[in-house]
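A short worksheet on the structure shown next.
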Amino acid sequence: ETGVTQTPRHLVMGMTNKKSLKCEQHLGHNAMYWYKQSAKKPLELMFVYSLEERVENNSVPSRFSPECPNSSHLFLHLHTLQPEDSALYLCASSQGDRGTYEQYFGPGTRLTVT
Amino acid sequence: GQNIDQPTEMTATEGAIVQINCTYQTSGFNGLFWYQQHAGEAPTFLSYNVLDGLEEKGRFSSFLSRSKGYSYLLLKELQMKDSASYLCAVREAAGNKLTFGGGTRVLVKP
C-alpha cells in the first residue's frame, strides 16, 4: 500500500442512514485532514488532526463526526445527512505544518445522499 | 478570513505556454501551494512558494509576490495530459490550514 487510501470510493446513503468513511495514510505523517469538494465550489477544509488531536473544526455541522484513533487512520462518521451534503470527500495527510510540508490527498469518496 | 481568486477556465494549444494567475487577500500568510487535479482524481502537489520570486520545476514554474498578494503558475510546452484543474491554496500564518481557490480548468487542444 502506498500513499493515502480511502474507502469506500463510492457511497449512496439515505438521509436516515449512518455510515463511516475511512482514510489510511502509509507515509508516516502526523497530520490528517478531511475536505469537502462540491461541484462549482472551492475545496473546503472540514477538520484537521495533528498528532491525533483535533486542531481545526471549520464550522462543520454536527452530523459530521470525525475520529482519529491513531496517526495513520482517520474516520468521518455520517448520520442524518442532507442532499446538499452530496460531494466528493477527500482525505489528506502531511508531515507537520512547517516548510514545504505539502498535503498528500487520497482518491476521495464520492458520496450521494438520497 | 481569506479570499483567493483565479480564473475559472483557460484554453491553450499543445506545445504552447499558459499562465494561471492567483490573487489572494489574507490576514496572515505562510506559503502558497499549487495543486493539479485531473477529473475524478485526487489533487497532487505541484509547487510551493513562501518567498518572493520564481520556483522552476521542469515544465512548471511558480511565481510569488507577497507585497502584491499575487502568484502565477506557468506551464510550458503544454501536453494533452496537462488538461486538468489547477488549484491555488494559501496557508495561514499558523497551523496546517489551507484555503483553496476555486481552481482553474485548463483545456489543452491539439
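The values are calculated or read from the model by the stated rules, or taken from the named source; none is laboratory data. Predicted model, so just to flag it, every value in this text is computed and none were measured. Backbone-built Cβ (ideal geometry, glycine too); neighbour counts: all protein chains shown. Protein only, heavy atoms only, side chains kept; ligands, DNA and RNA dropped before computing areas. Shrake-Rupley method; radii C 1.70, N 1.55, O 1.52, S 1.80 Å.
Listing for the model above:
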read-out	value
Residues located in segment B:57-70, provided they are open to solvent by 40 Å² or more (accessible area, probe 1.4 Å) and more than 12 Å from B:Ile20 (Cα to Cα)	B:Lys57, B:Gly58, B:Arg59, B:Arg66, B:Ser67, B:Lys68
Per-region count, segment B:9-28, residues modelled with pLDDT under 95 and within 14 Å of another protein chain (Cβ to nearest Cβ)	1
Residues located in segment B:85-110, provided they are more than 22 Å from A:Ser93 (Cβ to Cβ) and within 14 Å of chain A (Cβ to nearest Cβ)	B:Gly102, B:Thr104, B:Arg105
Test: residue in segment B:19-26 that is in a loop (DSSP other than H, G, I, E, B) and open to solvent by 70 Å² or more (accessible area, probe 1.4 Å)	no
Qualifying residues in segment B:1-18 (those that are part of a strand (DSSP E or B) and not β-branched (Val, Ile, Thr)) - the one surrounded by the fewest Cβ atoms within 10 Å (Cβ to Cβ)	B:Glu9
So B:Glu41, is it over 13 Å from B:Leu107 (Cα atoms), open to solvent by 80 Å² or more (accessible area, probe 1.4 Å), within 11 Å of another protein chain (Cβ to nearest Cβ) and part of a strand (DSSP E or B)	no
Looking only at segment B:81-103, and only at residues there that are within 13 Å of the chain's Cα centre (by Cα) and open to solvent by 20 Å² or more (accessible area, probe 1.4 Å), the one that is nearest to A:Glu44 (Cα to Cα)	B:Thr99
Residue satisfying condition, being in contact with a Lys or Arg (Cβ under 8 Å, 6 or more places away or on another chain), polar (S, T, N, Q) and assigned to a strand (DSSP E or B), within set B:Ser85, B:Ser62, B:Ser71	B:Ser85
Among the candidates A:Thr16, A:Thr5, residue that is within 12 Å of the chain's Cα centre (by Cα) and touching a residue at least 12 places away in the same chain (Cβ under 8 Å)	A:Thr5
Given (1) in contact with a Lys or Arg (Cβ under 8 Å, 6 or more places away or on another chain); (2) closer than 15 Å to B:Pro43 by Cα; (3) open to solvent by 10 Å² or more (accessible area, probe 1.4 Å); (4) of a type in the set (Phe, Trp, Tyr), index of the condition A:Phe105 fails	(1)
Residue that is touching a residue at least 12 places away in the same chain (Cβ under 8 Å), within 26 Å of B:Val50 (Cα to Cα) and open to solvent by less than 30 Å² (accessible area, probe 1.4 Å), where the choices are A:Leu90, A:Leu74, A:Leu81	A:Leu90
Options B:Leu73, B:Leu54, B:Leu78: the member that is under 18 Å from B:Val18 (Cα atoms), more than 10 Å from chain A (Cβ to nearest Cβ) and open to solvent by 70 Å² or more (accessible area, probe 1.4 Å)	B:Leu54
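Matching residues to (1) in a loop (DSSP other than H, G, I, E, B); (2) crowded, with 17+ Cβ neighbours inside 10 Å; (3) away from chain B (no Cβ under 13 Å); (4) modelled with pLDDT of 90 or more:
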residue: A:Glu1; (1), (2), (3), (4): yes, no, yes, no
residue: A:Gln6; (1), (2), (3), (4): no, yes, no, yes
residue: A:Thr16; (1), (2), (3), (4): yes, no, yes, no
residue: A:Leu21; (1), (2), (3), (4): no, yes, yes, yes
residue: A:Gly28; (1), (2), (3), (4): yes, no, yes, yes
residue: A:Trp34; (1), (2), (3), (4): no, yes, no, yes
residue: A:Leu45; (1), (2), (3), (4): no, yes, no, yes
residue: A:Arg54; (1), (2), (3), (4): no, no, no, no
residue: A:Ser62; (1), (2), (3), (4): yes, no, yes, yes
